[in-house]
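For reference, the structure discussed in these notes is given below.
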Amino acid sequence: LGNKRLLYEELGVSEYWSVKVDDPQIFAFEIIDRGSKRIHISKVLPNLKLAVLESALQQARTRDQSQVGRWLISQFQG
């Protein structure tokens, strides 16, 4: 991730995610002060909790895509 982070920093990207699909995990980072810091709530997409997306990825392994989509929408609508 180090080389990509440097590229993203040069391009002015403020947040990036790395997704581990085989064991649903999302690692998100905010680029700040010539470095990065792990985050659990998106700074770019207000109030988006990455745990919700990880849960959707986990559900997608055993549930129909439309079921997961409906569940996600219900989470976003609060």
Considering residues of region 43-78 that are of a type in the set (S, T, N, Q) and in contact with a helix residue (DSSP H, G or I) (Cβ under 7 Å, 6 or more places away or on another chain) only, the residue nearest to Asn3 (Cα to Cα)
Gln59
What are the pairs, 6+ residues apart or on separate chains, where a residue within region 49-61 that is free of Cβ contacts under 8 Å to residues at least 40 places away in the same chain has its Cβ under 6 Å from a residue that is β-branched (Val, Ile, Thr)?
Lys49/Ile41; Leu50/Ile26; Leu53/Ile26; Glu54/Ile26; Ala56/Val68; Gln59/Val68; Ala60/Val68
Of the conditions (1) out of contact with any His (no Cβ under 9 Å at 6 or more places or on another chain); (2) in contact (Cβ under 8 Å) with a residue 12 or more places away in the chain, Asn3 fails just one. Which one is it?
(2)
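Since every read-out is calculated from the coordinates, none of them should be taken as a lab result. Owing to the predicted nature of the structure, the values given are computational and were not obtained by experimental measurement. Cβ coordinates were reconstructed from backbone atoms using ideal geometry, including for glycine residues, and neighbour counts include every protein chain displayed.
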